[in-house]
1. Quick check on L47: is it of a type in the set (A, V, I, L, M) and within 17 Å of the chain's Cα centre (by Cα)?
2. Which residue, of I117, I81, I64, I46, is among the hydrophobic types (A, V, I, L, M, F, W, C), in contact with a Leu (Cβ under 6 Å, 6 or more places away or on another chain) and modelled with pLDDT of 85 or more?
3. Could you check I38 against (1) surrounded by 17 or more Cβ atoms within 10 Å (Cβ to Cβ); (2) without any contact (Cβ under 8 Å) to a residue 12 or more places away in the chain and say which number it fails?
4. Sort through D95, D102, D110 and tell me the only one that's farther than 24 Å from T185 by Cβ, at pLDDT 85 or above and of a type outside the set (G, A, S).
5. For the stretch 151-177: of the residues being in contact with a Gly (Cβ under 9 Å, 6 or more places away or on another chain), closer than 23 Å to V124 by Cα and not in a loop (DSSP other than H, G, I, E, B), which is modelled with the highest pLDDT?
6. Name the residues in the stretch 178-222 that are modelled with pLDDT under 85, part of a helix (DSSP H, G or I) and charged (D, E, K, R), would you?
7. Do we find that G57 is within 16 Å of I204 (Cβ to Cβ) and buried (at least 21 other Cβ atoms within 10 Å of the Cβ) in this structure?
8. Restricting attention to the stretch 106-150, which residues are of a type outside the set (A, V, I, L, M), within 22 Å of D67 (Cβ to Cβ) and touching a Pro at 6+ places or on another chain (Cβ under 9 Å)?
Amino acid sequence: MDLESVEVKVEAAKEHVGWKSWLINTEEYEPYDNFSGIFEMKVTAILTSGNGTKVIGRCELWLISRDKMAYGSFADQVKNISEHAAYLSNSIFDDYGEFAEDDPGFGDLDMDKSDMIWLENIWVDKDYRNQGVAKKMLQEAQKEIEAEVDTCFMIAYPRPRAEDFDGSGPLETAQGLWEGRWDNTKVKFRSLGFREIVSSSYYIYDPDRRYHGQATVPLGHRSLNWTPQRRGSLSAE
């Protein structure tokens, strides 16, 4: 497959709202009172061939703009996204969205002030995996969003797909399969350009190694003792 034949569309999840307009005037476009400073987006990879067009990949992203949260704290808002996003405010960030480390810098990036892109889900059709589709979706999304804001970073919590496990068989076997799948998912995310935020379960997208150095979570922080749940899915496949 020629990646040049794959078009990547970055758009709002809800068609009646333009994400660039939302960035300019957040309050005008937020549809519900419990949403403030967060915005759902979708990324679609479309292959064009002699047989027509076909969707071969999708991402679910959320823009998180901490300085646009007109009501409610950071903790109040990220819990509207998902369980794993909600835990951001109880691990590497505090309830107000400030980075847990005393030094908020991740190299040249200010983790306290930059806008976030939260990667909730990523999927590629099984017939087109390992051909660069996931990487192209992430690159195009980061590039297009970054062009509209001062600075931003993409963050994710890599985890295997819960639907891959039906719960049958011995518990020890299921646990071993799950742990192996978890490790494989992390390896795939590293191959896409994600780097682990040291001592946490979260990864930052940094394919060009722009953020020199590493971010760390203070020793003894509560995030180090967190046991992830099996719900949800985020796989590089």
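1. Against the criterion (of a type in the set (A, V, I, L, M) and within 17 Å of the chain's Cα centre (by Cα)), L47 does not qualify.
2. None of the others qualify; the one that does is I117.
3. Against the list (1) surrounded by 17 or more Cβ atoms within 10 Å (Cβ to Cβ); (2) without any contact (Cβ under 8 Å) to a residue 12 or more places away in the chain, I38 comes up short only on (2).
4. Step by step, each of D95, D102, D110 is checked, and only D95 is farther than 24 Å from T185 by Cβ, at pLDDT 85 or above and of a type outside the set (G, A, S).
5. Result: R159.
6. E179, R181, D183, R222
7. In short, no.
8. D110, D112, K113, Q142
The values are calculated or read from the model by the stated rules, or taken from the named source; none is laboratory data. These numbers were taken from a predicted model, which means no experiment stands behind them. Every residue, glycine among them, receives a Cβ derived from its backbone with ideal geometry; neighbour counts consider all protein chains shown.
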